[in-house]
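Derivation of every value follows stated rules applied to the coordinates shown; laboratory data play no part. Since the structure is predicted, the reported quantities are computational estimates derived from the model, not experimental observations. Every residue, glycine among them, receives a Cβ derived from its backbone with ideal geometry; neighbour counts consider all protein chains shown.
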């Protein structure tokens, strides 16, 4: 089973700043990493899919990079509406494990 | 338009069996895969298992033999059954799916919150 270690657990940022979230996997997963945003009471929303692919309709402020075992998710020019919890998830092998999540708060 | 909707009980008694149905529309279960993911209150996401488009299944070993996933393609429904429920099975249960050729969960139901009561 691939373990996904996500950091940090929480972030407090000001509008306009840059957000970076790291996920490290215990096995090589190529680029089979996904990034989700979850707002309170809602289902997760896929922002970036395998191959660091931005999903249709997701602003280009969101991006990701990485291959193998080290991955980074970035939000440039963070906005108030970006508050929520962000999860990474590997889809290389079952079980499709998630990171523990990063709670993003805006000051 | 792809949609998924979970239906199930709000409350289940300790040691009893949980049954949840995921009804899908906008795609065929013989084309897209359906997964189950759960989220305890205030906690993170946990992948439980999958019903593959070919009819096979995979399960998270964390659920050992408690979990069963099945489907009725004629009704566009996927079923989750989990027995021997404990209080730490209290969670919101989601079904999710993805586009053909990808394993990223593009589509999610709204989830059903299940409380296990003693």
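How high is the FRET efficiency between residue A:105 and residue B:10 when r is their beta carbon distance and R₀ equals 30 Å, given to the nearest 0.05?
FRET efficiency, residue A:105 to residue B:10: 0.45.
Pick from B:91, B:62, B:50: which residue has the top mean-square fluctuation in a GNM of chain B where Cα pairs under 10 Å get a spring?
B:62
Given the options B:49, B:101, B:26, state which has the largest fluctuation in a GNM of chain B using a 10 Å cut-off (strictly under) for Cα springs.
B:101
Across peptide B:97-104, what mean number of C-beta atoms from other chains lies inside 10 Å of a residue's C-beta?
5
Per residue of B:47-56, count partner chain C-beta atoms within 10 Å of its C-beta, then hand back the mean as an integer.
2
If you average the sequence gap of Cα pairs under 8 Å that are 6 or more apart and divide by the length of chain A, what percent do you get for the contact order?
Relative contact order comes out at 39 percent.
In peptide A:91-100, what is the residue-averaged number of other protein chain Cβ atoms found within 10 Å of each Cβ?
Mean shielding count: 6.
Which order do the peptides A:63-70, A:12-19, A:31-38, B:31-38 come out in when sorted by mean C-beta neighbours inside 10 angstrom, highest first?
Most protected by this proxy first, the peptides run A:31-38, B:31-38, A:63-70, A:12-19.
Test of understanding: ordering A:98, B:63, A:73 by Cβ neighbours within 10 Å, fewest first, what list do you get?
Exposure proxy ranking, most exposed first: B:63, A:98, A:73.
Please state the relative contact order of chain B as a whole percent: Cα pairs under 8 Å, 6+ residues apart?
Computed value for chain B: 35 percent relative contact order.
Under the 0.36 nm per residue contour assumption, what length would be gained going from the current alpha-carbon distance of residue B:72 and residue B:100 to full extension?
Full-extension gain reported as 8.1 nm.
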